[in-house]
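FYI, it's all coordinate maths here, none of it is from the lab. All values derive from a computational prediction rather than experimental measurement. Methodologically, a virtual Cβ is constructed for each residue, glycine included, from the backbone with ideal geometry; neighbour enumeration extends over all protein chains shown.
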Amino acid sequence: MILRADGLRKLYGEFCALDGVSLTVDQGEFVSIIGPNGAGKSTLINILTGMTPPSSGSVRFKDREVAGIGSVRLARLGMARSFQLVQIFPDLTVLETLQAAVVSRLGRGTRLFTSLARDREVQAGALEVAELFGLAERRHVPARQLPQGDKKLLDVASAFALRPEIILLDEPTSGVSTADKTAIMETLVAASRRIGLRAIIQVEHDMDIVFAYSDRIIALHQGKVLADAAPAAILSNQRVIDTVIGRRAATG
Ligand SMILES: Nc1ncnc2c1ncn2[C@@H]1O[C@H](COP(=O)(O)OP(=O)(O)O)[C@@H](O)[C@H]1O
Ligand SMILES: [Mg+2]
């Protein structure tokens, strides 16, 4: 087991966004977290990645308590994430964006940023990730000029540049066309194999993507785990279909 959460609760004032969530993720798993808007998916990702401390409960990554330790320290331990809303710097080129991620992975701080172009290791690391994600030919293009699908890809690639052991993705394909979604997922899975990623956890709304790629699906509803099972078992869970998946997926 690589990641384990026990009894996570998160209160925002009186409001309980997560109410006793427990889960485990094993070596080699691709786990999807699904649920309607407001179910607590992003809150859960924020807690699992150390960005937000839980009100109570624990998160263990590689047998170490990591709740609330912060995403920078967690990245150094081998956990990376991407965000629901792409967080790229619009004026940086593709390569510069990846270089910035590599610099943070190497832990040299941002002072080096001005002399990035001269740093061979940073250059090589960034280029390697660009190639892994099919972005090498457009490495000098400013991020803002990329189509939405490639912006998402660059965001995911930046997380990979941290050379993580596990990765958590908050809606890696949101806001892109169905065709682009599949391309992003194929690239992501191929890149994961190449770097030997140990687990992927994603929040995803698109049920075609969820069912095509997941080993296991965790359905959240109103801050609680409604179901945690293999895709086939999820599809026969009427409560999950009624509250999360809806008629479209249930009928076809
Ligand atoms: N920082 C916050 N302060 C107050 N309420 C929040 C905060 N973040 C999330 N919430 C509330 O917690 C609930 C779960 O939010 P979120 O985790 O973003 O859901 P999801 O990602 O499943 O759509 C929502 O009702 C949201 O309004
Ligand atoms: Mg969310």
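The table that follows gives values for the structure above.
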| quantity | calculated |
| --- | --- |
| Fluctuation leader among Asp242, Asp150, Asp180 - the chain, Gaussian network, Cα springs under 10 angstrom | Asp242 |
| Cβ-based charge dipole, segment 150-234, positive-most Cα from Thr173, Val210, Ser158 | Ser158 |
| Angle between the chain longest axis and helix 120-132 axis [Cα atoms, degrees, rounded to 10] | 50 |
| Rg over Rh [alpha-carbon atoms, Kirkwood Rh] for segment 1-59 | 0.96 |
| Orientation-averaged projected area, Cα convex hull of the chain (nm²) | 13.4 |
| Reciprocal mean inverse distance between Cα atoms of segment 116-194 - Kirkwood radius, Å | 13.1 |
| Choice from Ser214, Ser56, Ser82 with maximal GNM fluctuation in the chain (Cα, 10 Å cutoff) | Ser56 |
| Pairwise Lys count, the chain - Cα closer than 16 Å, eight or more residues apart or different chains | 5 |
| Helix-only CD estimate at 222 nm, as mean residue ellipticity for the chain, using -39500 (n - 2.57) per DSSP H run (n ≥ 4) | -10500 deg cm²/dmol |
| GNM flexibility winner over the chain from Ala191, Ala159, Ala233 (Cα, springs under 10 Å) | Ala233 |
| Helix 148-160 vs. the chain, principal-axis angle (Cα, 0 to 90°, nearest 10) | 80 |
| Degrees, to the nearest 10: 178-195 long Cα axis against longest axis of the chain | 70 |
| Value of relative contact order over the chain, rounded to a whole percent, pairs C-alpha under 8 Å and six or more apart | 25 |
| More than 17 Å apart - percent of Cα-Cα pairs taken over segment 158-252 | 54 |
| 16 Å tail of the calculated P(r), segment 28-72, as % of Cα pairs | 43 |
